[in-house]
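Data block below; observations after.
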Protein chains: 2
Amino acid sequence: MNYDQIIANTVKKNNSTIVLVVMDGLGDIRSPKFENKTPLEYAKTPNLDKLAAASAVGRCIPILPGITPGSGPGHLSLFGYDPLTCTIGRGVLEAIGLGFEIKPGDIAARCNFASMDENGLISDRRAGRIPTETTVELCNLLKEIQEIDGVEIIIEPGKGHRFVTVFRSKKKELGAFINDTDPFREGKAPLEAKGQNPPSQFLAGIVNKFIKEGHKRLKDKKPANAFLMRGFSAKPKVPSMRDKYLLESAAIASYPMYRGIASLLGMHLLPAPDSIENLFQTYVKYRQKYDFFFIHIKGTDQAGEDGDFESKVSCIEKVDQALPILLEHKPEVLAITGDHSSPCAMRSHSWHPVPVLIHSQFCGVDDVQVFHENACNTGGLGFFESKYLMGLLLSNAKRLDKFGA
Amino acid sequence: MNYDQIIANTVKKNNSTIVLVVMDGLGDIRSPKFENKTPLEYAKTPNLDKLAAASAVGRCIPILPGITPGSGPGHLSLFGYDPLTCTIGRGVLEAIGLGFEIKPGDIAARCNFASMDENGLISDRRAGRIPTETTVELCNLLKEIQEIDGVEIIIEPGKGHRFVTVFRSKKKELGAFINDTDPFREGKAPLEAKGQNPPSQFLAGIVNKFIKEGHKRLKDKKPANAFLMRGFSAKPKVPSMRDKYLLESAAIASYPMYRGIASLLGMHLLPAPDSIENLFQTYVKYRQKYDFFFIHIKGTDQAGEDGDFESKVSCIEKVDQALPILLEHKPEVLAITGDHSSPCAMRSHSWHPVPVLIHSQFCGVDDVQVFHENACNTGGLGFFESKYLMGLLLSNAKRLDKFGA
């Protein structure tokens, strides 16, 4: 018996509503650069603090201590999908992040333009980091290769020198057990694609033809006269939120990456307007229709990655100002946290535990009166792996029966 | 190497005594119904607080975050038996709860009286919830079937419409891989028992004959003219406390469920008088004879399940008043905790972490000066799964060697 099986054996339906607000990259660290306060400590958050005082708080460990998650594992964990066993292939994650709808059977690969010398060796794995506009132009050249041996080829340009290739076939099964063609070192030739089982062998043949054909078209486009492919992967088979938790769930998220992950888990995608106020209003509008709402706020992470302390503070304050909209139509369970930390002083994702707050009639209010990292250290939820958050939310919603007699 | 193996490889004997006081369902949550204080916060507990000030405190997570345990998993965890892998079958647990002594080889099933219509379909799975007295009478009818094909049949009436059937054979091996006969829906016929291996197939045949014979005797006893059987199970093969920890252990517990679990783990059952004072005196009397004492106090859970705040407070205060009896003959290690929370505001078991206190010469005294849920949030033990408590107690008793060189 493991955690997922306990949940499966004890979960039940009722009329409660659960709202999970994910402030992306919320957690931060104190730095002398920013008055030795975290953005949450610095921001004026009377509403969040009042809510924290009536909640149980703690700190979520996104994956395990010291591990910095990408957006994929960070969110999977928050939704109770063990990020160590439930992995989304990089190709698929990249496609999702570009807003591309991966269908069952599709195989996606992350690609990047590269520079190749006259001997066919890679001289720059990132083609001098060509700008996005150039990538769009070059992708248009590759898009001319619409199909090889009956397999449809779909090209989706990304940021900088990156793009995604999706292979789709209505007739033949395609496999994803294919090695990266990226040699991961300059001075080496791109590797030949090889499949590890018959459907992958079939696709590997197509991949090699595609690379050959593509390189022909890029011949004169130095520094981007080649491309490398990685992370061949198919849409993962994960149980939906409905199957796993008996929850009709909806996502209010504007960025393709988060809409994509939500969609993979069977969440309904609701309109996601620009302002935080309007995100919360969308919950109010649809609150009778779903059991579970995932509301995603991107600003905190963006500010953290930019090292923009003021912008992170401002985003937090906007959430605080809009909070009464949620509280006026308070769900049975309201949780606020992040998928990981993105400290301004680090300009990147980090491993630091994320402050978390659970508010419900049965949350077990603790002594913590404000909502920030260090206050949450002494909360009634303690430190726990994010993958247990859904269990706590379901319990608070009285949607879990007792385990054992 | 896992935790159990580390313990097995490092455990040793010495002359120390460990006392574990389990206040059943001790943990609670603040509720506006009860002045926003937990019973532990509200109760006057000068002795517990003084002890907490000289102890290390923290919070035990009975199973995993968000999971509400039954009494079985809750206690197994406290004794260091992983509740996810060491499961006691429902039939056996029910029999134990009724004070029935399950022997090796016995197979037990939980049963309930039900109503069956003229077509043999179940019209009420609980026979209109007949009272306990009726169940006792009907069980007397079933007790007439003392034996089928050489297999002894033992009937034990329970509460309400419930009873337990135990199958025992001195000659043939009996198996428990048998499906529930309960169709779990009204309008369906009871299911035939089928075994999944030869000893289970043999018993399934007996079970079907027993049901046929039993239904004959209940024919005119509407609404309870049938019964359904579930949770066929044998006494689990778990190592005793002696084998696992080299501890001679004793239980001072008055309720059959807890005596039963203690007995399963090889604890000696000591007399368990009514008052808390006398429970503690029993320890004093036998303290030279055993290494480990499990003292079970039921009142806190009962009060929580009844939503009776005052009674929970009163039970806690009685423990506090009796505490000097233990402290006068202080064991080397004294721990006080619960097997789970039973918040008065919820009238049920819950998932909330349980306050825990460990007092010993080497416990590592922290700053916490009082013993209640939120004070324990900042204690030196942190939040930890209850299954690690025994390791901590053994360490505090200096009964564990260093792991690795």
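The values are calculated or read from the model by the stated rules, or taken from the named source; none is laboratory data. For clarity, every value in this text was computed on a predicted model and none was experimentally measured. All Cβ positions, even for glycine, are placed from backbone atoms using ideal geometry, and neighbour counts span all protein chains on display.
The rows are residues; the columns are (1) of a type in the set (A, V, I, L, M); (2) in the same structural domain as A:ALA262 (by TED's automatic domain parsing); (3) closer than 20 Å to A:SER169 by Cα.
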{"residue": "A:PHE79", "(1), (2), (3)": "no, yes, no"}
{"residue": "A:ASP82", "(1), (2), (3)": "no, yes, no"}
{"residue": "A:ALA109", "(1), (2), (3)": "yes, no, yes"}
{"residue": "A:ASN112", "(1), (2), (3)": "no, no, no"}
{"residue": "A:GLY120", "(1), (2), (3)": "no, no, no"}
{"residue": "A:ILE130", "(1), (2), (3)": "yes, no, no"}
Return the pair list, or none, for Cβ contacts closer than 6 Å from residues in region B:270-290 that are outside any loop (DSSP other than H, G, I, E, B) to residues that are of a type in the set (Lys, Arg), at least 6 apart or on different chains.
B:ILE276/B:LYS318
Matching residues in region A:226-279 - criterion: being polar (S, T, N, Q), closer than 22 Å to A:GLN321 by Cα and under 19 Å from the mean Cα position of the chain (by Cα)
A:SER254
So for region B:87-100 (the condition being more than 14 Å from chain A (Cβ to nearest Cβ) and modelled with pLDDT under 95), does at least one residue qualify?
yes
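Would you confirm whether any residue within region A:102-113 is crowded, with 16+ Cβ neighbours inside 10 Å and either among the polar types (S, T, N, Q) or over 21 Å from the mean Cα position of the chain (by Cα) (or both)?
Among the residues of region A:102-113, at least one is crowded, with 16+ Cβ neighbours inside 10 Å and either among the polar types (S, T, N, Q) or over 21 Å from the mean Cα position of the chain (by Cα) (or both), which makes the answer yes.
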Could you list, in sequence order, all residues of region B:163-215 that are out of contact with any Pro (no Cβ under 7 Å at 6 or more places or on another chain), assigned to a loop (DSSP other than H, G, I, E, B) and of a type in the set (Ser, Thr, Tyr)?
B:SER169
Quick one: which residue in B:ILE155, B:ILE130, B:ILE206 is surrounded by 18 or more Cβ atoms within 10 Å (Cβ to Cβ), β-branched (Val, Ile, Thr) and under 25 Å from the mean Cα position of the chain (by Cα)?
B:ILE155
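Output the residues belonging to region B:74-101 that are part of a loop (DSSP other than H, G, I, E, B) and either among the hydroxyl-bearing types (Ser, Thr, Tyr) or surrounded by fewer than 24 Cβ atoms within 10 Å (Cβ to Cβ) (or both).
Listed by number, the residues that qualify are B:GLY80, B:TYR81, B:ASP82, B:LEU84, B:THR85, B:CYS86, B:THR87, B:GLY89, B:LEU98, B:GLY99, B:PHE100, B:GLU101.
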For A:LYS285, are the conditions met, namely being surrounded by fewer than 19 Cβ atoms within 10 Å (Cβ to Cβ), of a type in the set (D, E, K, R) and either within 14 Å of chain B (Cβ to nearest Cβ) or closer than 15 Å to A:THR17 by Cβ (or both)?
yes
Applying the selection to region B:7-56, what residues are of a type in the set (Val, Ile, Thr) and more than 14 Å from chain A (Cβ to nearest Cβ)?
B:ILE7, B:THR10, B:VAL11, B:THR17, B:ILE18, B:VAL19, B:VAL21, B:VAL22, B:THR45
Report, by residue number, each residue of region B:158-171 that is surrounded by fewer than 19 Cβ atoms within 10 Å (Cβ to Cβ) and modelled with pLDDT of 95 or more.
B:ARG168
Residues B:SER77, B:SER31: which one is under 13 Å from the mean Cα position of the chain (by Cα) and either of a type in the set (Asp, Glu) or within 22 Å of B:GLN302 (Cα to Cα) (or both)?
B:SER77
Given (1) more than 9 Å from chain A (Cβ to nearest Cβ); (2) touching a Phe, Trp or Tyr at 6+ places or on another chain (Cβ under 6 Å), number of the condition B:GLY66 does not satisfy
(1)
